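One structure is given below, encoded as structure tokens.
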Amino acid sequence: MLPLVYHPNYSCPFPDNHRFVMSKFVRLYEYLHAQGLVTPDNLHQPMLASIDDLAIVHQVQYLNELFHNTMEPRAWRRIGLPWSRGLIERTFTAPNGTLLAARLAIQHGLASHLAGGTHHAHFDFGSGFCLINDLAYTAKTLLASGEVKRVLIFDCDVHQGDGTAAMLKDEPRAFTCSIHCEKNFPFRKHPSDLDVGLDKHLNDADYLTVVKRTLNQLLDEQQPDLVLYDAGVDIWQYDELGHLDISWDAVATRDELVLQECLSRHVPVATVIGGGYDKNHARLAQRHATVVEVACDLYQQYC
Ligand SMILES: [Zn+2]
């Protein structure tokens, strides 16, 4: 069975009417559990990361300010989430979830994290609901230990992966690619190794062509030994923060073509859920489940 990574602390107590849907993690877990896709055999739980662990990509002062709630109010407002002990615990756990999913992918070919993709977090500041950058952290940790030699971060969230791009710009062994809506947050973009900025209201066929062509080209050129796939579902046409016209079916088709392309080349791939925004929280959880459902099917076939 497809290895899944999740921690019960992911959905901390949080205002229910907030734009960021904190309940989506537990809802996603419960949805997958009801589908029979999570069992004690394939469920893996990450450990809380220490400040020392996270310092491989973040400034220690920033990490301490996060942990002890001593950040300037202006810097805190940029993150857009209310501070709480629960928020910090989930924030220091989820990066290790992505790292664990990546290690399971290296071992088994494919693994999914039921969180992750906090790509707007930078070296010394947080932004856009992102405090710690799990993608940069995972890439740097695995490169430092020698577990991988070349990582491709393939970020298909509708928003540009500015934090990941900035944090890995001097790391030639980690290639960052972001395929996003150009006229959307963040409005000041830090260049990735490859940015594909899409027009507003792009349709299914054009979107899928771009994703497929870009991934093929990168797998050929970069020959990564691991892909971190940010399967953000805010590309969906009715997402509250996306501006593309992508149907629900095309979200699944995208996930399928990305995973299939990696697996058919025997490149391990770990998925993270990325962004998704919806007042209907149950529907949002189902949307995030798409990549996991696709991964479960392909795992039977390839792994
Ligand atoms: Zn997003």
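None of the figures in this text is laboratory data; all of them are computed from the coordinates on show. Quick caveat: nothing in here was measured; it's all calculated off a predicted structure. So basically every Cβ, Gly included, is an ideal-geometry build from the backbone, and we count neighbours across all protein chains shown.
A few remarks follow.
- Hits in the range 31-83 - residues which are surrounded by 14 or more Cβ atoms within 10 Å (Cβ to Cβ), touching a residue at least 60 places away in the same chain (Cβ under 8 Å) and of a type outside the set (A, V, I, L, M, F, W, C): Tyr31, His44, Asp53, His58, Gln59, Tyr62, Gly80
- Single residue of the range 240-263 satisfying the filter (away from the ligand (no atom under 16 Å from the Cβ), among the aliphatic types (A, V, I, L, M) and over 22 Å from Ile106 (Cα atoms)) that is surrounded by the most Cβ atoms within 10 Å (Cβ to Cβ): Ala250
- Matching residues, the range 190-199, being over 16 Å from the mean Cα position of the chain (by Cα), part of a loop (DSSP other than H, G, I, E, B) and within 18 Å of Gly232 (Cα to Cα): Asp199
- Selected residue (criterion: nearest to Tyr229 (Cα to Cα)) from residues of the range 264-303 that are away from the ligand (no atom under 16 Å from the Cβ) and of a type in the set (Asp, Glu): Glu293
- Every residue from the range 270-283 that is surrounded by fewer than 24 Cβ atoms within 10 Å (Cβ to Cβ) and either closer than 14 Å to Gln237 by Cβ or of a type in the set (D, E, K, R) (or both): Tyr277, Asp278, Lys279, Arg283
- Scanning the range 139-173 for residues that are touching a strand residue (DSSP E or B) at 6+ places or on another chain (Cβ under 6 Å) and within 25 Å of Met47 (Cβ to Cβ) returns Ala139, Val148, Val151, Ile153, Thr164, Leu168.
- Output for the range 114-124, where each listed residue is surrounded by 20 or more Cβ atoms within 10 Å (Cβ to Cβ) and more than 16 Å from the ligand (Cβ to nearest atom): Leu114
- Taking residues in the range 119-130 that are among the acidic types (Asp, Glu), and partners anywhere that are buried (at least 20 other Cβ atoms within 10 Å of the Cβ), the pairs with Cβ atoms closer than 7 Å and at least 6 places apart or on different chains are Asp124/Tyr62.
- Ala252 free of Cβ contacts under 8 Å to residues at least 60 places away in the same chain, under 17 Å from the mean Cα position of the chain (by Cα) and in a helix (DSSP H, G or I): yes
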